[in-house]
Structures are given as structure tokens and as C-alpha cells.
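Colleague: I have a structure here, written as C-alpha cells, and I will follow up with some questions on it.
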Amino acid sequence: MSNNDDEITTEALLRCAEILAALRTGTAPSPLHLEAASIACDLALQLRSLSFPLNSFAHTQSPSSSNQPLTLHSGGRCSRQSSSVNDNNLDLSRKITFAETLFLNAARKSSLAASLPVEIITMIMKYILNPLPIMNAQAQSEQRQTEQQTLLSCGKVNHQWRLAVIPVLWKDPWLKDRKTVLKILLSNRLSTLRRFRNQSNNESNMQNLVISSNNTQPHNQIPAVLYGYNIQRLDLRAVLLSEPDDTPLLQLIASEFPFIRVLRLNVHNLNFMTLQNFFTKCLKLKYLSLLLRDKRSKRASNLPTDAMDVDMTNLIELQNGFGRLEVLDLYEVNVAVHLALYRFVSSSVGPALCYLNLGRSWVKDEVVVGIARNCPNLTSVWLEENASITDVSIHALARYCKYIKTLKLRNCSNIGDDAIQEITKHCLLLEALGISYTQCSDRSLHCLTQYSEYLNTLFINDLSLRESTIAALCVVRGNTLCTLGMCGLDAISNYVIKTLSETCPNLEQLDVGGCMVTEEYLALVLEGCPRLKAFVFDQDSVSEEFMKRLKERYSVEQFWLEPPAF
């Protein structure tokens, strides 16, 4: 690489770290920004070392060192060029000092942030907006709020940053209430006026505008004609809407945000025509989650309770829309109130559907069988807490849906060994299974031991099992098991725990709460399972010192088989 190329890369790298540290001007750099600076620097350098003069931030250095060049090493670490540098000996404090220096320099009017390359901006934002997944709903909401505030700060840096932030900020807006929704709609309309105020209204000019639904347009140009065209995820679960009062608002949302891929609705008295309007206007809609309950009144939505109340000839687009869905979430949508919806869904969904959640919906076999026949590519099925489901539903899933990887049947009290035997024989890709509080017994575990070679997650809480059956499962499937829930099993003994500690080296989550296991054998699990992160057990059976030591290293909170995040 030439010297000019080195200078360009170095300059871009300096600006990258500057603007990253300047996101929160006026406060000390947060650990997130410092870590992001390290990663961004490491990517820009491509594991090479570069040198550049210190004159741009000499005001933060001592006079004796201001004339010495600064060398930035891979990982974002820095040192004086005049000193002997060993990358392995550089600690985090050197990196933090460098980031703080850049942070102070960015506050000056002479900062180079204004001309930061767009590629570096995009790299920074992708890193900041990819945190670890959080399953708790409240924590997810707080995390998304923080992300939105960070993006707003980014957009205030300069015009170039604003253009780069808009697609990311609008992709998944955090809508906490009705007022926020109205602000989003108003901003979208104002963006239209700004975009066209100096342009002719001639139709030919309108046709020359390129509207990209996948945000591939250059960041140094105005994005889509409407900001709303950037929205791909719309979560309205926190916004309590009700029809017919909010029907115009729902129709406006569908019209203003046509490129939605993920839609979550919480609407009281939701109408079929409203759903059809979303499918008609949002042709890219692939994920639909319905929460048809008014949280304030605890009343269920009033979709027609009889399929005969629905004029099917006027719902062709709705039928086609359900056929395009890849994810359908009807958790807690009561079939007794929404029988027409379930009958419509079971006859409309198609091969595109991969994920289905009917948990706590009290559906019966006819609905599950109908969906199974039409959806051969299902990979994840959630049927928890449906007492009306029997082995008939599971037999249909085993027969028609060969690619199932995740199946949750928790508290389906009419599910027994025959169902699990069919699933394990026909769904050979099974990875996660939840059969807690069912009628399953040792025969189900024998089938898992024999057929399910990819099994990594298993919940068998409160089943009637023998210790030899559990031990045999650990011996055969121990290398693949990562999560094991065995709460309330009388068969869990010191012998089972010892076998588990010797045969399950990749275990990350273990629940033996309510089982009589001594502290000595619990310690064997810690030694034999080095990847363990969550460990639930009967706290009354261990000493306070042992419990304190565990809480410092592991999570001791109850965990479940959680649905994936989309």
C-alpha cells in the first residue's frame, strides 16, 4: 500500500474514533463507545499498525511528549513510536486514554468529524445497534429506547451523519404511546413536503424518483421520498387501539409505511378488513403478531365468532396475505372468541410459514391439523398451555412437517408418549423440545435418546421418570445438550448429577430446582460443565458460602424455553 493510501486510512481512522467518542459530547465516554472505537479501529486497520502525528490533539498531552508520533496498533491500542511496543503487553487503560483524548478533541470546532467517510459511519452504527439479545420484555423496551436516543444523538452531529442515521432510525422506531405514533406520521408527511418543495409536480419527474425498499441508496443523497419507506418493523403492542374509533389511524399507518416486514398489533375489536388493508398496502409483510386484548378493560376483541359471519369473497387479499406469512404469532388469542379467525388462518396459511405460536390460545386439534397440512416447512411450533390439544395434533405435525426443530408442548396435559414417539421418528432435525407438565414418561425419553441426534434443549419438568432413563439420555446426547430443565423430578439423584457432570461438557443452562442434590455433587457440575451460565437448584440444600460464590459467577434465576426474537 502506498504512503498516500496509508495517510487516507489513518485520517479516516482518526475521524472514526473522534466522532464515536463525540456522540455524547459533554459527558465522559461510555464503555460501549470505547469498545466500539476499538472494534472500528481494528476493522479499519486490518490488523496493521499505522503512525500519524499528534499535533491534532496535542493540547491533551504533556509538553515533553507532544512532538512524538503516536502509533495505533490493532484493536485500537496506542503507544509512543519512540518506545519499544509489545502488543501483548498493552492494557485497556492505554486504549481508554486514547479514546478520551479523541473525545476531548472532537468537542473543538476544528474536529474532522464533518468529513467522516460514510462507510465508517455505517460500521459504527451497525456495531452500536447490535447488542446482546434480551428476552425480558421490559428490558427489551428499555434497550430499544436507549438505541433510539443514541441514534438521535448521532443524527445531530452534522448533515452527513443525519442522512446516514435516517434509514437506521426509521427502520425499527420505538413507539411507546399514541402520541409517538402521531409524531412519526407527521414527520413522514413533512419529509414529503421538504423533498418536493423545489421540484416540479410534473408526473414525469415523479416517475424518475428511485424509491429503494432495502435502503441500498447512497447515504450522501436524500433517502426515500418518504421517511416511512424506511420502516421495516412496526411494534404497536404498547399503543392501545380500538376499532372503529382508530380505523382511520390504522389505515393511514398501512398507507404511510408500505415496506413493513414485521407488524405487531394490539387492537380491540380488530376487523378483518383492517387486516386485509395491511396485507394489500404492505406487500412485504412477512411477520404478523396479534394481541387482540384491551389491557385496560381485559376484554377480548370481537372478531366474528362464526365463520359464516365472514364474506370470504371480499377477503381474497387477506387470504393471500396470510399465505405469504413466514411468522404468525397468535399467543393468547382465545379461539373461543376468535373461531372465525382461526378457521380462516388454518385454510389460508401456506408453505412460506416457518414459525407458529398458538400458545395459551385454547385451540383444538382441527386448527392445528389444518395448519400442519398447509405448512410443510414449519420449523418452530409453540403450543404451550393448550389442554384441548391431543396426540392427534402432534401426529399431524409429525406427518406433514418434517423440518420441525423446535416444539414447545409445556402444560399440554393431554399429550403423551405416542405423540413424542411420532415426532422423534419423523422430525429428525429436532433440536429443542419442551414437554414439561404433560403425560410423557420414560418411553418419550427413550425415543429422544434413540432418534434425536441434534437435540440441544430439553425441558422435562415435573414428569414421572426413572433415574436410569435420565442418565442414559445424558450419556448418549450429552455432547449436544446445552439447556436442560429438570425441575421437580423425583428421579434426580446424586447419581444422575454425577453422570451429567461427566457426560455434558457443553451444558450452559441447568435447572434441578426442587430436587434433592447435595452440595458436593452440585460442585461436580461446576467442574464438569465449564460453559455453564445459569444454574437453578434447591437453595436450602447448600451453605450460604456456596450460594454466595455461585451468585457471583452464575445466574440462579428460573429460565424457560423462550420464543426467538424477530
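The values are calculated or read from the model by the stated rules, or taken from the named source; none is laboratory data. Keep in mind the model is a prediction, meaning the values are calculated, not measured. Cβ sites come from the backbone with ideal geometry, for glycine too, and all protein chains shown count toward neighbours. The protein model used for the area step is the full one, side chains on, heavy atoms only, and it has no ligands, DNA or RNA in it. Shrake-Rupley method; radii C 1.70, N 1.55, O 1.52, S 1.80 Å.
Colleague: Does the range 546-564 contain at least one residue that is modelled with pLDDT of 90 or more and of a type in the set (Asp, Glu)?
Modeller: no
Colleague: Suppose we filter the range 337-349 for residues that are at pLDDT below 95 and not in a helix (DSSP H, G or I); how many remain?
Modeller: Total satisfying the criteria: 2.
Colleague: A further question follows. Failed condition for SER413, given (1) more than 27 Å from the chain's Cα centre (by Cα); (2) assigned to a helix (DSSP H, G or I), with all others met?
Modeller: (2)
Colleague: Okay, next question. What pairs come out if I take residues in the range 491-504 that are of a type in the set (Gly, Ala, Ser) and pair them with residues that are open to solvent by 30 Å² or more (accessible area, probe 1.4 Å) whose C-beta lies under 8 Å away, six or more apart or interchain?
Modeller: Matching pairs, first to second residue: ALA491/ARG466; ALA491/GLU467; SER493/GLU467; SER493/MET516; SER501/TYR521; SER501/LEU524; SER501/GLU527.
Colleague: Go through the range 543-559 and give me each residue that's under 30 Å from SER380 (Cα atoms) and open to solvent by 60 Å² or more (accessible area, probe 1.4 Å).
Modeller: Start the filter on the range 543-559 by keeping residues that are under 30 Å from SER380 (Cα atoms), which leaves 554-559.
Listed by number, the residues that qualify are GLU557, GLN558.
Colleague: Looking at this structure, is ALA491 crowded, with 18+ Cβ neighbours inside 10 Å, aliphatic (A, V, I, L, M), assigned to a helix (DSSP H, G or I) and in contact with a Leu (Cβ under 9 Å, 6 or more places away or on another chain)?
Modeller: On the way: crowded, with 18+ Cβ neighbours inside 10 Å: yes; aliphatic (A, V, I, L, M): yes; assigned to a helix (DSSP H, G or I): no; in contact with a Leu (Cβ under 9 Å, 6 or more places away or on another chain): yes.
The answer is no for ALA491.
Colleague: Starting from residues that are in contact with a helix residue (DSSP H, G or I) (Cβ under 6 Å, 6 or more places away or on another chain) and in a helix (DSSP H, G or I), keep the ones in the range 449-460 and report whichever is nearest to LEU510 (Cα to Cα). Lay out the reasoning, then the answer.
Modeller: So the first thing to find is which residues in the range 449-460 are in contact with a helix residue (DSSP H, G or I) (Cβ under 6 Å, 6 or more places away or on another chain), and the list is 449, 451-452, 455.
When the remaining residues are screened for being in a helix (DSSP H, G or I), the result is 449, 451.
On the way: THR449: 18, TYR451: 22 Å.
Per the stated criteria, the residue is THR449.
Colleague: Quick check on my filter: what residues within the range 157-190 are surrounded by 14 or more Cβ atoms within 10 Å (Cβ to Cβ) and acidic (Asp, Glu)?
Modeller: Correct list: ASP172 only.
Colleague: How many residues does the range 299-336 contain that are at pLDDT below 90, part of a loop (DSSP other than H, G, I, E, B) and under 19 Å from LEU236 (Cβ atoms)?
Modeller: 3
Colleague: If I ask for residues that are of a type outside the set (A, V, I, L, M) and either touching an Asp or Glu at 6+ places or on another chain (Cβ under 8 Å) or part of a loop (DSSP other than H, G, I, E, B) (or both), which ones from the range 552-566 would you list? Don't jump to the end; show me each part of the working.
Modeller: Initial filter on the range 552-566 (of a type outside the set (A, V, I, L, M)): 552-555, 557-560, 562-564, 566.
Scanning the range 552-566 gives TYR554, GLU557, GLN558, PHE559, TRP560, GLU562, PRO563, PRO564, PHE566.
Colleague: If you don't mind, another one. Suppose the filter is closer than 26 Å to LEU275 by Cα and in contact (Cβ under 8 Å) with a residue 60 or more places away in the chain; does ASN374 pass it?
Modeller: Working: closer than 26 Å to LEU275 by Cα: yes; in contact (Cβ under 8 Å) with a residue 60 or more places away in the chain: no.
The answer is no for ASN374.
Colleague: Continuing with this model, one more query. Of a type in the set (Ser, Thr, Tyr) and in contact with a Cys (Cβ under 7 Å, 6 or more places away or on another chain): does that describe THR406? Write out each step before concluding.
Modeller: Numbers: of a type in the set (Ser, Thr, Tyr): yes; in contact with a Cys (Cβ under 7 Å, 6 or more places away or on another chain): no.
Here the answer is no, as THR406 does not meet what is asked.
Colleague: Tell me, please, whether a residue that is under 22 Å from the mean Cα position of the chain (by Cα), open to solvent by 40 Å² or more (accessible area, probe 1.4 Å) and over 20 Å from ASP418 (Cβ atoms) can be found in the range 339-348. Before the answer, list the steps.
Modeller: Within the range 339-348, the first condition is being under 22 Å from the mean Cα position of the chain (by Cα), and the residues that meet it are none.
Scanning the range 339-348, I find no residue that is under 22 Å from the mean Cα position of the chain (by Cα), open to solvent by 40 Å² or more (accessible area, probe 1.4 Å) and over 20 Å from ASP418 (Cβ atoms), so the answer is no.
Colleague: I would also like to ask the following. Can you name the condition, by its number, that SER436 falls short on among (1) part of a helix (DSSP H, G or I); (2) crowded, with 23+ Cβ neighbours inside 10 Å?
Modeller: Condition (1) is where SER436 drops out.
Colleague: Another question, if that's okay. Residues GLU562, GLU467: which one is in contact with a Ser or Thr (Cβ under 6 Å, 6 or more places away or on another chain), touching a residue at least 12 places away in the same chain (Cβ under 8 Å) and open to solvent by 10 Å² or more (accessible area, probe 1.4 Å)?
Modeller: Details: GLU562 fails: in contact with a Ser or Thr (Cβ under 6 Å, 6 or more places away or on another chain).
Going through GLU562, GLU467 in turn, the sole match is GLU467.
Colleague: Continuing with this model, one more query. Filter the range 361-409 down to residues that are more than 15 Å from THR438 (Cα to Cα), of a type outside the set (A, V, I, L, M, F, W, C), open to solvent by 10 Å² or more (accessible area, probe 1.4 Å) and not in a helix (DSSP H, G or I), then give me how many there are.
Modeller: Going through the range 361-409 one residue at a time, the tally reaches 9.
Colleague: Would you say LYS284 is at pLDDT below 90 and surrounded by fewer than 18 Cβ atoms within 10 Å (Cβ to Cβ)?
Modeller: Numbers: at pLDDT below 90: no; surrounded by fewer than 18 Cβ atoms within 10 Å (Cβ to Cβ): yes.
Considered against the rule, which asks whether it is at pLDDT below 90 and surrounded by fewer than 18 Cβ atoms within 10 Å (Cβ to Cβ), LYS284 comes out as no.
Colleague: Within the range 422-445, count every residue that is over 27 Å from the mean Cα position of the chain (by Cα) and under 16 Å from ILE470 (Cα atoms). Talk me through it step by step, then tell me what you get.
Modeller: Here is the first cut: in the range 422-445, the residues over 27 Å from the mean Cα position of the chain (by Cα) are 422-426, 437-445.
Checking which are under 16 Å from ILE470 (Cα atoms) leaves us with 440-445.
Residues flagged as over 27 Å from the mean Cα position of the chain (by Cα) and under 16 Å from ILE470 (Cα atoms) within the range 422-445 amount to 6.
Colleague: So, in the range 507-518, exactly how many residues are open to solvent by 40 Å² or more (accessible area, probe 1.4 Å) and either basic (Lys, Arg) or at pLDDT 90 or above (or both)?
Modeller: The total comes to 2.
Colleague: Same structure again: Of all residues in the range 128-182, count the ones that are of a type in the set (A, V, I, L, M) and at pLDDT below 70.
Modeller: 7
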